[in-house]
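Participant: Here it is, the structure in full.
Nothing in this text is a laboratory measurement; each read-out follows from the coordinates by a stated rule. None of these values were measured; they are calculated from a predicted model. With ideal geometry, Cβ positions are generated from the backbone for all residues, glycine too; neighbour counts draw on all protein chains shown.
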């Protein structure tokens, strides 16, 4: 973790996601029950206080997240300040860009309210790849669809700012 990043509190007493919880999320949509159970079992749960950073721009990436409750902002350095790129809402995944391109984090994610996040190490996804490549392919397609939706929103925003 980089200097200035607030450490997340690890909460073991909080409820892990169930397979039913995960099946409702775009990231895990269409996955078979055994895969949903495996991801539910592998999830870590963290409570994030307002103002705490989940990860910082340029951090090494080793995890993928889903916001279970609360609100998070995605911000990027700009000169001496920063610019807000987006707001993450419950049920949305984040951290997946680094999962795809294996690059450091492209932005900082910071809690704007008390939030709970579900976290998976990349090894959980590699494990699924080794056990069931068809399921893994569906998961990657879900990630691609989410990234495509975000790119379309960014395109719309750029177009509206140029008009």
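Participant: Output the 0 to 90 degree angle, nearest 10, between the alpha-carbon long axis of helix 133-162 and the longest principal axis computed from the alpha carbons of the chain.
Facilitator: 20 degrees
Participant: Taking only the alpha-carbon atoms of the chain, what semi-axes of the equivalent ellipsoid follow from 5 times the gyration tensor eigenvalues under a square root, in whole Å, largest first?
Facilitator: 26, 20, 15
Participant: For the ranges 145-155, 61-71, 41-51, 121-131, what's the packing order if you count other beta-carbon atoms within 10 Å of each residue, average per peptide, and put the highest first?
Facilitator: Answer by packing, highest mean first, reads 61-71, 41-51, 121-131, 145-155.
Participant: For n ≥ 4 DSSP H runs only, could you compute -39500 (n - 2.57) per run for the chain, divide by its residues and tell me the 222 nm figure to the nearest 500?
Facilitator: After summing the helix terms and dividing by the residues of the chain, the value is -11500 deg cm²/dmol.
Participant: For segment 79-163, with equal point scatterers placed on the C-alpha atoms only and solvent neglected, what are the log10 I(q)/I(0) values from the Debye formula at q = 0.25, 0.26 1/Å, to two decimals?
Facilitator: At q = 0.25, 0.26 Å⁻¹ the computed log10 ratios are -1.46, -1.48.
Participant: May I ask you to derive the FRET efficiency for residue 82 and residue 145 from their Cβ-Cβ distance with R0 = 22 Å, giving the value to the nearest 0.05?
Facilitator: Between residue 82 and residue 145 the formula returns 0.20.
Participant: Further question: Enumerate the residues in segment 60-81 having an amide nitrogen under 17 Å from the point lying 7 Å beyond the Cα of residue 114 toward its Cβ.
Facilitator: 68-72
Participant: For helix 33-42, what angle does its Cα long axis make with the longest principal axis of the chain, in degrees from 0 to 90 and rounded to 10?
Facilitator: Helix 33-42 and the main axis of the chain meet at about 60 degrees.
Participant: Against the longest principal axis of the chain, how steep is helix 122-131, in degrees 0 to 90 to the nearest 10, with axes from Cα atoms?
Facilitator: 30 degrees
Participant: Expressed as a whole number of Å, what is the distance separating the alpha-carbon centroids of segment 137-163 and segment 83-130?
Facilitator: Segment 83-130 and segment 137-163 have Cα centres spaced 15 Å from each other.
Participant: Can you tell me the length gained on complete extension of the stretch residue 41 to residue 102, counting 0.36 nm per residue apart and subtracting the Cα distance?
Facilitator: Separation in residues times 0.36 nm, less the Cα-Cα distance, equals 19.5 nm.
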